Amino acid sequence: MRVLLDACVWGGAKAKLASAGLDIVWVGDWKEDPGDDQVIARALAENRVVVTLDKDFGELAIVHGTPHCGIIRLVGIPARRQGEFALAALQRYETELARGAFVTVDLGRVRIRR
């Protein structure tokens, strides 16, 4: 699976996901963050699921109908556990994400918007 980690996701999550065999790009490795519109566009062009902490991606995807290849938003997840939670969501909701789902993950629940 191909994943694009937003700059707001802890950089250590990249190693956790890569060690699971995922193809990872982290915006934090780029010279500068081009903004949410460009991040979601690049993820779409490269067929990547976006993992973010930023609620603005929900607005882009749901309110504005911006095309994407699936989005996971982590809410209230401690930085050092973001990779673990992202990996679990990517594996468990792979089918839904492939269909363009927006998956919100917090410590106590998961919400899926198709």
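Bear in mind these aren't lab numbers, they're just calculated from the coordinates by the rules spelled out. In this text, all values refer to a predicted model and were calculated from it rather than measured experimentally. All Cβ positions, even for glycine, are placed from backbone atoms using ideal geometry, and neighbour counts span all protein chains on display.
Simple spin-label estimate for A45 and S19 gives 3.2 nm between the two label positions (7 Å along the Cα-to-Cβ direction from each Cα).
Between the amide H of G100 and those of G70, distances stay under 5 Å, these residues lying 5 or more places away or on another chain, with hydrogens modeled in the peptide plane.
Per q in 0.17, 0.22, 0.23 1/Å, what log10 I(q)/I(0) does a Debye calculation on the alpha-carbon atoms of the range 2-113 return? Per q value, in the given order, log10 I(q)/I(0) is -0.71, -1.28, -1.42.
Under 5 Å from the amide H of V49 lie the amide H atoms of R2, V3, L4, each residue being 5 or more positions distant or on a separate chain, with H modelled from the backbone and absent for Pro and chain starts.
What does the C-alpha gyration tensor say about the overall shape of the range 47-97? Classify as rounded when a/c is under 1.5, otherwise prolate if a/b is larger than b/c, or oblate. Spell out each step's value before the answer.
Details: a/c = 2.69, a/b = 1.37, b/c = 1.96.
In terms of gyration-tensor shape, oblate.
When only alpha carbons are used to place a centre, the range 22-69 and the range 77-100 end up 15 Å from one another. The HN-Hα couplings worked out from phi for the range 41-53 by the Karplus form 6.51 cos²θ - 1.76 cosθ + 1.60 (θ = phi - 60°) are 5, 5, 4, 5, 4, 9, 6, 10, 7, 8, 10, 8, 10 Hz, whole numbers, x standing for Gly and Pro.
Using packing as a proxy for protection, rank 67-75, 5-13 so that the peptide with the highest average count of other Cβ atoms within 10 Å comes first.
Values: 67-75: 22.0, 5-13: 20.3.
The most tightly packed comes first, giving 67-75, 5-13.
Put simply, when 45-53, 85-93 are sorted by average Cβ atoms within 10 angstrom per residue, most first, you get 45-53, 85-93.
A simple rule links phi to the HN-Hα coupling: the Karplus curve 6.51 cos²θ - 1.76 cosθ + 1.60 with θ = phi - 60°, which for the range 77-89 gives 8, x, 3, 5, 10, 4, x, 4, 5, 5, 4, 4, 5 Hz, with x for Gly and Pro.
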